[in-house]
Amino acid sequence: MNGAATDESKDDVLTEARQALQQQAHDRAIHLCEGLLRDDPANGDALYIAAVAARLSLIHI
């Protein structure tokens, strides 16, 4: 992501991250959220999804 990303494109990335989480693709969900968090470290949705993905990745080792 870059600073010029629109709210719509950020929403698309969050949707993709949620789908990755549902598919148990935890690394992908984290990777997608990292891009959002680089632009906006306080993005609560991205922080939550990344935290859940990280937690679930530990459970499914």
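The values are calculated or read from the model by the stated rules, or taken from the named source; none is laboratory data. From a predicted model like this one, the values you see are computed outputs, not experimental measurements. Reconstructed Cβ throughout: ideal geometry from the backbone, glycine too, with neighbour counts over all protein chains shown. All accessible areas refer to the heavy atoms of the entire protein, side chains included, with ligands and DNA or RNA removed. Shrake-Rupley method; radii C 1.70, N 1.55, O 1.52, S 1.80 Å.
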Give me the distance in nm between label points sitting 7 Å out from Cα along the Cα-to-Cβ direction at E8 and L56, one decimal. 2.8 nm
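Mind checking the per residue accessible area of the chain for me, 1.4 Å probe, whole number of Å²? Mind showing how you got there, number by number?
Values: 4070 Å² over 61 residues.
For the chain, the solvent-accessible area averages 67 Å² per residue.
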With a 1.4 angstrom probe the carbon and sulfur portion of accessible area for the chain, in percent, totals 50 percent
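With a 1.4 Å probe and all protein chains in place, put R38, R28 in order of accessible area, largest first.
On the way: R38 160, R28 105 Å².
From most accessible down to least: R38, R28.
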Relative contact order (%) - the chain, alpha-carbon pairs under 8 angstrom, separation at least six: 34 percent
In Å, what Rg and Dmax follow from the Cα atoms of the chain? 11.0, 37
